[in-house]
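Right, one structure below, let's go through it.
The values are calculated or read from the model by the stated rules, or taken from the named source; none is laboratory data. Small disclaimer: the values here were computed from a predicted structure and weren't measured. Note: ideal-geometry Cβ built from the backbone for every residue, glycine included; neighbour counts use all protein chains shown.
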Amino acid sequence: MSSQNTSIHGEWSSRLAFIFAATGSAVGLGNIWKFPYITGENGGGAFVIVYLICVFMICMPVMMAEIMLGRRGRHSPVNTMRALAQETGRSRGWQVLGWMGVLAGLLILSYYSVIAGWALAYIPRLASGLFTTVNTLPPEEVNQFVSLKFSDLITDPIQLLGWHSIFIIATILMVAGGVQKGLERAVQVMMPALFIVLLILVFYAMTTDKFMTGLHFMFDVNFKQLFYPHCETTTNCQFSGQGVLSAMGQAFFSLSLGMGSIMVYGAYLPRHASIAQTTAVVVLADTVVAILAGLVIFPIVFSHGLAPAQGPGLVFNTLPIAFGQMPAGSLFGALFFLLLTLAAATSAISLLEPATAWLVETGKFNRPWAAITCGLVSWLIGLATVFSFNIWREVTPLAMFAKFEGKTLFDLLDFLTANVMLPLGGFFIAIFVAWLMNNQKVAEELDAATQDRSYRFWRFLLRYVTPVGIGLVFLNVIGVIS
Ligand code: PFF
């Protein structure tokens, strides 16, 4: 096999189109919804530092490896792994990595779509001027008003179901459109637009009196808080690697790694595009957007006396306050949630693509039917998340383990995918590429020579740092060492 083959699914029209698509996959709810709230839950600065270390030392090498695998295999993750295992003379068992990716994609999409539905629901809410009321309320009632509006939404299963369904249908339509028509077009306009609106919001955050407090929260490093999370409230000061696991899981999640999204996008990459440069652009864009989102959210949190550790509702309980108060806030607010929904959509299509591409390759489905089938599976699993915020709020299936006490089905799905499946996928990708594949061929695929310094550094990271780093965090959390 060689990467000269083209994919049966088509190809990106250029390297730039791939950069847009991969950035579209990476930048999404993970940056704007999730990064701020788990930073808040894990105490700020130290978490951010560990996150950045994971991004650059562990995830960036994995991203290059994943794109490289995809481009060499030219198929869905399942068939790419099968072909490459064969080419390398390894067991067909490596195909499992592809299967795990397909499954992780459908599971993530199931809850991703529900949260994207929240963003969708906020577009008409802001456009209608709902939050301008904030200006007329006494300061102490502002938070209550905004959080009431949020809980009105998430406690209503019918509304959530409606928005979830709309979002999945839109995702299916885009994936059904195929590589160039559907996927490419969607990303090119909204990525720059999202960036601009975020910058406007950063300027707004600078005008609040707590901008510096937000900055300190995000960048003051206090490792004690990360490693001994309950120390201030109890006398039980036990070491915990949980925060580091969350940071690592978030890095994989945010960069769409470990499950085949980036691999399948790599499969559509033209032969002569530089993988290293492309990776650098995507990683940088993703990181900047996450940090900007934090810089917007935390000053608002502190200037209104809100709790940074309030969980998944954080963005929805903070930004409407800001939009309610700024001039033309209804317009900007509606625009912001529209862009957030679009950013989520360009990530969602990459979650659906691995499973869809695989079904097409079985020869039994055309693209539209493959997309509909996979989308339907995700939609169904998504019901678990829809109900986790209302009628199944008390359903906590793993409550017998102290660590999972109070965790809803949504929490468990999120933990399983982001913190377990993605890093595990990354671990095996690193082992396969850096230990099992032929060094010469890998270098060739990356347009490098095996003795190049940068190539050797990348391979060193992938051989040692990535697997050992992921392994240690896992072992620690399982409790083997601590
Ligand atoms: N990276 C996306 C985000 O940050 O919102 C989410 C995601 C997409 C995760 C694709 C995993 C994936 F394969």
Condition test on residue 331, is it away from the ligand (no atom under 16 Å from the Cβ), surrounded by fewer than 24 Cβ atoms within 10 Å (Cβ to Cβ) and in a loop (DSSP other than H, G, I, E, B)? no
When you scan segment 177-240 for helices (runs of 4 or more DSSP H) that lie fully inside it, which ones turn up with 2 or more residues that are touching a Leu at 6+ places or on another chain (Cβ under 8 Å), modelled with pLDDT under 80 and more than 19 Å from residue 38 (Cα to Cα)? 185-207
On the given criteria, is residue 381 at pLDDT 95 or above, farther than 17 Å from residue 119 by Cα, out of contact with any Cys (no Cβ under 6 Å at 6 or more places or on another chain) and part of a loop (DSSP other than H, G, I, E, B)? no
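Yes/no per residue for (1) of a type outside the set (D, E, K, R); (2) in contact (Cβ under 8 Å) with a residue 40 or more places away in the chain; (3) loosely packed, with under 14 Cβ neighbours inside 10 Å:
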{"site": "190", "(1), (2), (3)": "yes, yes, no"}
{"site": "199", "(1), (2), (3)": "yes, yes, yes"}
{"site": "203", "(1), (2), (3)": "yes, no, yes"}
{"site": "209", "(1), (2), (3)": "no, yes, yes"}
{"site": "229", "(1), (2), (3)": "yes, yes, no"}
{"site": "232", "(1), (2), (3)": "no, no, yes"}
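So is residue 284 at pLDDT 90 or above, within 10 Å of the ligand (Cβ to nearest atom) and aliphatic (A, V, I, L, M) or not? Even if it seems obvious, please write down each step before you answer.
Values: at pLDDT 90 or above: yes; within 10 Å of the ligand (Cβ to nearest atom): no; aliphatic (A, V, I, L, M): yes.
Judged against the criteria, residue 284 is not a match.
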If I go through segment 326-372 residue by residue, how many of them are closer than 30 Å to residue 290 by Cβ, in contact with a Leu (Cβ under 7 Å, 6 or more places away or on another chain) and without any contact (Cβ under 8 Å) to a residue 40 or more places away in the chain? 0
So which of 318, 287, 346, 341 ends up being touching a Phe, Trp or Tyr at 6+ places or on another chain (Cβ under 8 Å) and among the polar types (S, T, N, Q)? 341
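Here is a yes/no grid of residues against (1) surrounded by fewer than 24 Cβ atoms within 10 Å (Cβ to Cβ); (2) out of contact with any His (no Cβ under 9 Å at 6 or more places or on another chain); (3) over 30 Å from residue 321 (Cβ atoms):
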{"site": "250", "(1), (2), (3)": "no, yes, no"}
{"site": "263", "(1), (2), (3)": "no, yes, yes"}
{"site": "266", "(1), (2), (3)": "no, yes, yes"}
{"site": "271", "(1), (2), (3)": "yes, yes, yes"}
{"site": "277", "(1), (2), (3)": "yes, yes, yes"}
{"site": "281", "(1), (2), (3)": "yes, yes, yes"}
{"site": "285", "(1), (2), (3)": "yes, yes, no"}
{"site": "292", "(1), (2), (3)": "yes, yes, no"}
{"site": "299", "(1), (2), (3)": "no, yes, no"}
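Return yes or no: is residue 344 of a type outside the set (S, T, N, Q), within 16 Å of the ligand (Cβ to nearest atom) and crowded, with 24+ Cβ neighbours inside 10 Å? Give the steps one after another, and end with the answer.
On the way: of a type outside the set (S, T, N, Q): yes; within 16 Å of the ligand (Cβ to nearest atom): yes; crowded, with 24+ Cβ neighbours inside 10 Å: yes.
Spelling it out, residue 344 is indeed of a type outside the set (S, T, N, Q), within 16 Å of the ligand (Cβ to nearest atom) and crowded, with 24+ Cβ neighbours inside 10 Å.
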Go through segment 261-280 and report how many residues are not aromatic (Phe, Trp, Tyr) and not in a loop (DSSP other than H, G, I, E, B). 11
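Restricted to segment 87-101, and to residues that are touching a residue at least 60 places away in the same chain (Cβ under 8 Å) and over 14 Å from residue 354 (Cα atoms), which residue is nearest to the chain's Cα centre (by Cα)?
94
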Can you tell me how many residues within segment 281-314 are under 13 Å from residue 205 (Cβ atoms) and either free of Cβ contacts under 8 Å to residues at least 60 places away in the same chain or part of a helix (DSSP H, G or I) (or both)? 13
Number of the exception - residue 424 against (1) surrounded by fewer than 19 Cβ atoms within 10 Å (Cβ to Cβ); (2) more than 15 Å from the ligand (Cβ to nearest atom); (3) touching a residue at least 60 places away in the same chain (Cβ under 8 Å): (2)
Give me the residue from segment 93-119 that is more than 15 Å from the ligand (Cβ to nearest atom) and touching a Phe, Trp or Tyr at 6+ places or on another chain (Cβ under 9 Å) and, out of that set, nearest to residue 167 (Cα to Cα). 96
Matching entry among 91, 76 (being crowded, with 24+ Cβ neighbours inside 10 Å and not β-branched (Val, Ile, Thr)): 76
Looking for something modelled with pLDDT under 95, of a type in the set (A, V, I, L, M), closer than 30 Å to residue 154 by Cβ and surrounded by 13 or more Cβ atoms within 10 Å (Cβ to Cβ) - is there at least one such residue anywhere in segment 469-477? yes
Restricting to segment 386-419, count the residues that are buried (at least 17 other Cβ atoms within 10 Å of the Cβ) and within 15 Å of the ligand (Cβ to nearest atom). 6
